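Read-outs throughout are calculated quantities, based only on the coordinates presented, and are distinct from any laboratory measurement. All figures in this text were calculated on a predicted structure; none of them were measured in a lab.
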Amino acid sequence: MATYSAGLLTDTDGRILCHYKNASSQLQIGRMGEQERLIFPGQWYLFEASPAAILQIYTTTKTGTILLQTLPCHTLQVNEPESPLKL
């Protein structure tokens, strides 16, 4: 069950909702621990993770797989959009 605290989406077990967008023109691989996900060019990747988790982004080349980025999940947390309605 999700709770809303200070505009941030947080699961009751401490996991947070995170996002990553593949802004490149190449297929990427997102990896957290044992889990992997293909992320196509222009695609958003939404996932839940511990704030302390690390998302690794890889791409493949003719010579092998290359680590492009290492991103702490707490920096990828989805923020709740502010309501356009003022009460």
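So the values come out like this:
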{"quantity": "Phi-based couplings in Hz for the range 48-59 (Karplus 6.51, -1.76, 1.60; Gly and Pro marked x)", "calculated": "9, 7, 5, x, 8, 5, 10, 9, 9, 10, 10, 9"}
{"quantity": "Full-extension gain in nm, residue 61 to residue 37, via 0.36 nm per residue minus C-alpha separation", "calculated": "6.9 nm"}
{"quantity": "Interchain or long-range residues, amide H under 5 Å from residue 16's placed H", "calculated": "11, 49, 50"}
